[in-house]
Amino acid sequence: MPHKREEIARAIREVDATAAGAKLLSYLLDFCHIFRNSMPKDCNPNLTLFNEGQRSVGNEIIALLVNEPARFKAETLREIAARAQGETE
């Protein structure tokens, strides 16, 4: 039986509420090329399309997290963006 979107959104926010869960989600969003260029330096169109497919998963994770704006952790996204831009470790 498929899960309802709101149930999944609540579950992902519960995961994000823990330190380990926030770390995992941060890794996944970084892995999915959120806040980074999905086009590789050699401009390989096939790899770009592959990366864009990964990015669509990251966009879904963000959509689930922001489903309830009061619980949205903007600092998590800022941290990912800063790391992707080389501003932190």
* To do: Evaluate the following for LEU49: is it surrounded by 16 or more Cβ atoms within 10 Å (Cβ to Cβ), modelled with pLDDT of 85 or more and of a type in the set (A, V, I, L, M, F, W, C)?
  => no
* To do: Return the pairs, sorted by first residue and then second, in which the second residue is among the charged types (D, E, K, R) and outside any loop (DSSP other than H, G, I, E, B), the first residue lies in the range 19-47 and is closer than 19 Å to ASN59 by Cα, the beta carbons are less than 6 Å apart, and the residues are 6+ apart or on different chains.
  => ALA22/ASP16; LEU25/ASP16; CYS32/ARG55; HIS33/ARG55; SER38/GLU52; SER38/ARG55
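Can you tell me which residue is modelled with the lowest pLDDT among those in the range 16-46 that are aliphatic (A, V, I, L, M) and under 13 Å from the mean Cα position of the chain (by Cα)?
Narrowing the range 16-46 to residues aliphatic (A, V, I, L, M): 17, 19-20, 22, 24-25, 28-29, 34, 39.
Those still in the list that are under 13 Å from the mean Cα position of the chain (by Cα) too: 22, 24-25, 28-29, 34.
On the way: ALA22: 87, LEU24: 91, LEU25: 89, LEU28: 90, LEU29: 88, ILE34: 83.
If we take residues in the range 16-46 being aliphatic (A, V, I, L, M) and under 13 Å from the mean Cα position of the chain (by Cα), then ILE34 is modelled with the lowest pLDDT.
Which of the residues belonging to the range 1-18 are closer than 17 Å to GLU60 by Cα and of a type in the set (A, V, I, L, M)?
As a first pass, look at the range 1-18 and keep what is closer than 17 Å to GLU60 by Cα: 2-16.
Matches in the range 1-18: ILE8, ALA9, ALA11, ILE12, VAL15.
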* Asked: Can you name every residue in the range 1-29 that is of a type outside the set (A, V, I, L, M) and part of a helix (DSSP H, G or I)?
  -> ARG5, GLU6, GLU7, ARG10, ARG13, GLU14, ASP16, GLY21, LYS23, SER26, TYR27
* To do: Six or more apart or on different chains, Cβ under 9 Å: which pairs go from a residue in the range 59-83 that's hydroxyl-bearing (Ser, Thr, Tyr) to one that's modelled with pLDDT under 85? Could you list them?
  => THR76/LEU65
* Structure fact -> The condition from (1) assigned to a helix (DSSP H, G or I); (2) modelled with pLDDT under 90; (3) surrounded by 12 or more Cβ atoms within 10 Å (Cβ to Cβ) that ASN67 misses is numbered (1)
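The values are calculated or read from the model by the stated rules, or taken from the named source; none is laboratory data. Nothing here was measured: the structure is a model prediction, and the numbers come from that model. Glycine gets a Cβ as well: all are built from the backbone with ideal geometry, and neighbour counts include every protein chain shown.
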